[in-house]
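Written out below as structure tokens is the structure these notes cover.
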Amino acid sequence: MLKYPKAIENLIEDFAKLPSVGKKTAERYALYIYTRMNDEQIGSFAKHLNDLKENVKVCKCCGNICEGEKCLICEDESRNHRQVLVVETIKDLYTIENVDEFKGIYHVLNGAISFSKGIGIKDLNIDTLIAKAKAKEYDEIILATNATLEGETTARYLKELLADCDVKITRIAHGLPVGGEMSYADEMTLLKAMEGRHEY
């Protein structure tokens, strides 16, 4: 079987590791870079990948991405730092933030409990949330995990962990479809879900 040169094969393998990118799409990306992009464009592409690793950090307060020690949301003193919205992913955070309705802060879990995928409690960013809740830093914790089996499992587990804390726990209303992911929802659906949150 005829194979591409090693450098092309390596690039195909790297692209194929990305979500929703199959072998054929990875092959198309790698060949496009080689045949259609000039040296300057390839250099710029490589530099941006390096910049991503070198310059983007994780906010020490909430788990969002940032360029400093804290993200812009955590640094914003005009926001309600007593109200925290717990999301599964950074993409979920950006989706909600772009609705421009929530004025509190966030906590990013970096996933949801999924025993079938080998994701357990220790794999999630939970400890800092619990520590802050026990230190009475929050008045309300809004659980905004997805309406999937994994999201519900994670929300229920967090509720149990927070049971002894003196904090109001709410769950966003799911005008969001069960089994659906937040990042695919339209802004109005997200807005209604936020407005309809309830005690959890």
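Computed from the coordinates by the stated procedures, all read-outs in this text should not be read as laboratory data. A quick note: this is a predicted structure, and the numbers were derived from the prediction, not measured. Ideal geometry is used to build each Cβ from the backbone, glycine not excepted, and the neighbour counts take in all protein chains shown.
Annotations
- Assuming charge only on the beta carbon of Lys and Arg (+1) and of Asp and Glu (-1), the dipole of the range 6-55 about its Cα centre is about 240 debye to the nearest 20.
- Considering only ASN55, THR25, GLY120, the residue lying farthest towards the positive end of the dipole of the chain is THR25, judged by Cα position with unit charges set on Cβ.
- Under 21 Å from the Cα of LYS23 - lysines, other chains or at least 8 residues apart: LYS3, LYS6
- By other beta-carbon atoms within 10 Å, ranking MET37, MET194, MET1 with the fewest at the front produces MET1, MET37, MET194.
- Of the labelled figures (i) 8, 29, 29, 19, 11, 3, 0; (ii) 9, 28, 25, 20, 13, 4, 0; (iii) 10, 40, 39, 11, 0, only one reflects P(r) over Cα pairs in 10 Å bins from 0, in percent as derived from the coordinates, namely (i).
- Its DSSP H runs of at least 4 residues, each contributing -39,500 (n - 2.57), put the calculated 222 nm mean residue ellipticity of the chain at -12500 deg cm²/dmol, to the nearest 500.
- Rounded to 5, the percent of DSSP beta bridges in the chain classed as antiparallel: 30
- Taking the fewest neighbouring Cβ atoms within 10 Å as the starting point, the ordered list for THR89, THR154 is THR89, THR154.
- The dipole here belongs to the chain: it is taken about the Cα centre, uses +1 on the Cβ of Lys and Arg and -1 on the Cβ of Asp and Glu, and is about 600 debye.
- For the chain, the relative contact order is 14 percent, taking Cα pairs closer than 8 Å that sit 6 or more residues apart in sequence and dividing their mean separation by the residue count.
- If you plug the beta carbon distance of ILE121 and ILE42 into 1/(1 + (r/R0)^6) with R0 = 35 Å, you get a FRET efficiency near 0.25.
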